[in-house]
1. Given the residues V66, V81, V120, which is the only one that is touching a His at 6+ places or on another chain (Cβ under 7 Å), aliphatic (A, V, I, L, M) and farther than 18 Å from I11 by Cα?
2. Quickly run through region 105-123 and pick out the residues that are more than 20 Å from L59 (Cα to Cα) and exposed (fewer than 14 other Cβ atoms within 10 Å of the Cβ).
3. May I ask you to list pairs of residues, at least six apart or on different chains, whose Cβ atoms are under 9 Å apart, with the first in region 105-117 being more than 18 Å from K27 (Cβ to Cβ) and the second being acidic (D, E) and part of a helix (DSSP H, G or I)?
4. Of all residues in region 53-72, which are part of a helix (DSSP H, G or I), among the small types (G, A, S) and surrounded by 14 or more Cβ atoms within 10 Å (Cβ to Cβ)?
5. What number of residues within region 1-50 satisfy the criterion of being among the acidic types (D, E) and in contact (Cβ under 8 Å) with a residue 24 or more places away in the chain?
6. Take A84 and decide whether it is of a type in the set (G, A, S) and in a helix (DSSP H, G or I).
Amino acid sequence: MVKRTGPTSKITKTLAIDLGKHGRQTKAAVYDVLAEALLSSTRTRAEINLHRLEQLAALHKGKILVVPGKILATGEINSPVEVAAFRFSASAKAKIVAAKGKMHSLQQIIEQKIPANKLVLVK
């Protein structure tokens, strides 16, 4: 029996294709890396906790942290962060909103045409 190695969801595949197209149009490698990460095995996708996001936000002020995976709610977050991710846990969403942070989906990053120099890839 063959094990699945990539996404089986049509929505995920479409998002990865859209990210790749946007990367080629803008000549920004960050979008290509995001697309490649979404097409990889679900076991290898990033899972980032809130306390790690807060540390990275302090290092990269004014940037959007982009996670090609899921944001988990472990840890506390006290400062507002701007983050884009493939998925958010419900409790992570609540904590980000309580800290007056902003959340984006990866599709919104494409639609809003955010320049690559404003994005920081988090794995």
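A short reminder: the numbers here are calculations on the coordinates, not readings from a lab. Everything quoted here is computed from the prediction, not taken from an experiment. Heads up, the Cβs are rebuilt from the backbone with ideal geometry, glycines too, and the neighbour counts pull from every protein chain shown.
1. Step by step, each of V66, V81, V120 is checked, and only V120 is touching a His at 6+ places or on another chain (Cβ under 7 Å), aliphatic (A, V, I, L, M) and farther than 18 Å from I11 by Cα.
2. Once the filter is applied, which keeps residues that are more than 20 Å from L59 (Cα to Cα) and exposed (fewer than 14 other Cβ atoms within 10 Å of the Cβ), region 105-123 yields Q108, E111, Q112, K113.
3. L106/D18; Q107/D18
4. Once the filter is applied, which keeps residues that are part of a helix (DSSP H, G or I), among the small types (G, A, S) and surrounded by 14 or more Cβ atoms within 10 Å (Cβ to Cβ), region 53-72 yields only A57.
5. Counting residues in region 1-50 that are among the acidic types (D, E) and in contact (Cβ under 8 Å) with a residue 24 or more places away in the chain gives 2.
6. Here the answer is no, as A84 does not meet what is asked.
Results for (1) assigned to a helix (DSSP H, G or I); (2) surrounded by 18 or more Cβ atoms within 10 Å (Cβ to Cβ); (3) not charged (D, E, K, R), shown as yes or no for each residue.
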site: K21; (1), (2), (3): yes, no, no
site: R24; (1), (2), (3): yes, no, no
site: H51; (1), (2), (3): yes, no, yes
site: T74; (1), (2), (3): no, no, yes
site: A92; (1), (2), (3): yes, yes, yes
site: M103; (1), (2), (3): no, no, yes
